[in-house]
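Report on one structure; see the data block that follows.
The values are calculated or read from the model by the stated rules, or taken from the named source; none is laboratory data. Please read these numbers as outputs of a predicted model, since none were measured by experiment. Note: ideal-geometry Cβ built from the backbone for every residue, glycine included; neighbour counts use all protein chains shown. For the accessible areas, the whole protein counts, side chains as well, though only heavy atoms, and no ligand, DNA or RNA atoms are used. Shrake-Rupley method; radii C 1.70, N 1.55, O 1.52, S 1.80 Å.
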Number of protein chains: 2
Amino acid sequence: MNSMPKIGMEPIRRRALIDAAISAIGERGALNVTMSDIAGRAGVSTALAHHYFGGKDDLLFATMRHILAQLGNEIRPAIAPLSGPERVRAIIAVNLSPDQFRPEIIAAWLAFYVEARRDAALGRLFRIYVHRLHSDLMSGLTHLPRARAVHIARGLAALIDGLYLRRALGEGVEDSAAAIALVEDYLDMALAPHPSRGSQPHA
Amino acid sequence: MNSMPKIGMEPIRRRALIDAAISAIGERGALNVTMSDIAGRAGVSTALAHHYFGGKDDLLFATMRHILAQLGNEIRPAIAPLSGPERVRAIIAVNLSPDQFRPEIIAAWLAFYVEARRDAALGRLFRIYVHRLHSDLMSGLTHLPRARAVHIARGLAALIDGLYLRRALGEGVEDSAAAIALVEDYLDMALAPHPSRGSQPHA
DNA sequence: TTTCCTTGATTGATCAGTCAATCAATAATA
DNA sequence: TATTATTGATTGACTGATCAATCAAGGAAA
């Protein structure tokens with residue numbers, strides 16, 4: 001380990017393998033993709049995939065982490081300058097943006113949701129996502145009583161995930177814009193003062 | 001196939017194998033269960049499972065059909081005497097009842113959702129479920145303009161599925177009652193006349 | 001004795017992971 | 001400049017395990 005005796009292929013290969021994994025998962029629809037398939041798509045041998053990632057689980061974990069990081073990188077700047085309902089709207093817009101609503105991304109999400117039930121590391125990753133989404137939503141609902149804000153945040157989160165599911169199945173809401181409209185409609189209703197309804201108090 | 005020269009083990013075995021499949025899927029969290037595992041839980045050999053179901057895919061298909069049929073059998077009598085919002089409330093209550101909210105059932109749902117992306121037969125099965133849920137919901141929203149009813153029905157369906165997802169992950173809404181309360185709250189808001197909001201018209 | 005019921009053993013395929021061996025590029029050296 | 005040592009990059013071939021599916025044979029009721 002003196003200096004740089006060889007070129008730096010590592011980041012390129014890692015990225016290529018992750019992209020290949022997303023592509024493969026998107027096409028097969030589940031995590032039962034083979035290392036051969038992934039490596040083939042990335043244009044390398046299976047041995048190289050093992051060399052860089054250690055094993056299949058590690059590669060899939062890195063893939064999911066990449067997807068989550070990408071989502072985080074889109075959300076952070078989008079909501080930074082906003083507060084209140086506008087902040088919530090931005091979160092919704094990014095989570096359901098055409099970019100996140102791509103079939104292969106949805107397929108990967110769904111497949112990882114399933115896998116997270118068994119894989120402890122994946123489960124932790126998802127819990128981080130769930131918590132981040134929740135606290136992001138809460139940060140736009142500070143003008144409401146806490147209990148009411150929690151209620152709405154949970155509803156929004158479930159709605160977003162539900163729309164993902166239906167998208168994965170190819171049924172229900174058609175495109176990104178329709179999904180966003182649906183969630184925003186929920187938000188509008190929840191924020192609008194309504195006569196006397198609901199189990200939670202509101203301002 | 002003349003009459004009944006031998007006792008009828010078939011329905012008993014089929015049912016036992018389906019129950020075993022649900023149990024196995026619930027425990028492993030995905031569809032990558034083995035025929036050995038399923039057959040073992042049912043107390044028979046793998047060869048017998050093949051004898052009665054033909055192959056693994058057929059067994060899993062029958063398992064999902066059984067779960068969907070069970071849901072249908074619970075919903076039908078529950079909503080038959082009702083109409084309007086009460087009918088919608090009954091649909092919500094059954095879909096999120098403690099019985100449907102069992103971890104192993106949720107796990108099976110989720111796993112089949114994933115598999116339905118590839119398996120055409122499973123996909124058809126799910127489309128039937130989606131359509132039935134939608135038309136059931138619509139039948140309780142006849143007092144609203146059609147466009148508004150469609151909007152609400154889609155929101156309710158997505159919300160229900162989203163709550164399933166979060167339940168599968170073990171995060172978010174805790175139990176059946178909390179999930180029902182969340183969806184009913186959405187329904188209450190959607191049905192309550194609110195000042196001037198939303199992209200869809202309402203009565 | 002016919003007919004369903006049931007199984008153990010086997011087979012063929014798939015796949016993750018390993019390994020020893022090349023290739024290529026740079027840095028040190030003479 | 002030419003040579004050589006060093007090291008990352010890369011692969012083909014192999015292995016061990018897993019698993020769905022098959023089959024031929026052995027019960028047991030009718």
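How much of the accessible area of chain B, probe 1.4 Å, is carbon plus sulfur, in whole percent? Provide the component values of the computation, followed by the final result.
Values: 4890 of 8860 Å².
C and S fraction of accessible area: 55 percent.
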Go through the stretch A:84-119 and flag every residue whose accessible area shrinks by 30 Å² or more with all protein chains in place compared to the isolated chain (probe 1.4 Å). A:LEU110, A:TYR113, A:VAL114, A:ARG117, A:ARG118
Among B:SER83, B:LEU165, A:ALA62, pick out the residue whose Cα is farthest towards the positive end of the charge dipole of the protein assembly as shown, where Lys and Arg carry +1 and Asp and Glu carry -1 on C-beta, about the Cα centre. A:ALA62
Roughly how many whole Å is it from the C-alpha centroid of the stretch A:83-115 to that of the stretch A:165-191? 11 Å
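Please work out the average accessible area per residue across the stretch B:10-191, using the 1.4 Å probe convention, and give it in Å².
Details: 6870 Å² over 182 residues.
On a per-residue basis, 38 Å².
Can you tell me what the convex hull of the Cα atoms of the stretch A:47-124 projects to on average, as an area in nm²?
Working: hull surface 25.4 nm².
Taking the Cα atoms of the stretch A:47-124, their convex hull projects to 6.4 nm² on average.
To the nearest hundred square angstrom, how large is the accessible surface buried between B and A, total for both chains, probe 1.4 angstrom?
Details: alone 11200 and 11210 Å², together 17740 Å².
That pair of chains buries around 4700 Å² in total.
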Return the chain A residue and its Cβ-to-axis distance, rounded to the nearest Å, for the rotation relating A to B. A:GLY162, 1
On the Cα set of the protein assembly as shown, report Rg and Dmax in Å, please. 23.1, 84
Would you mind classifying the stretch A:121-199 by shape? Square roots of the alpha carbon gyration tensor eigenvalues, ordered a ≥ b ≥ c; an a/c under 1.5 is rounded, otherwise it is prolate if a/b is larger than b/c and oblate if not. oblate
Range of Cα positions in the stretch A:64-191 per principal axis (Å), largest first: 37, 32, 26
Under 10 Å, Cα contacts only: if you run a Gaussian network model on chain B, which one of B:ILE12, B:ILE22, B:ILE128 comes out with the highest mean-square fluctuation? B:ILE12
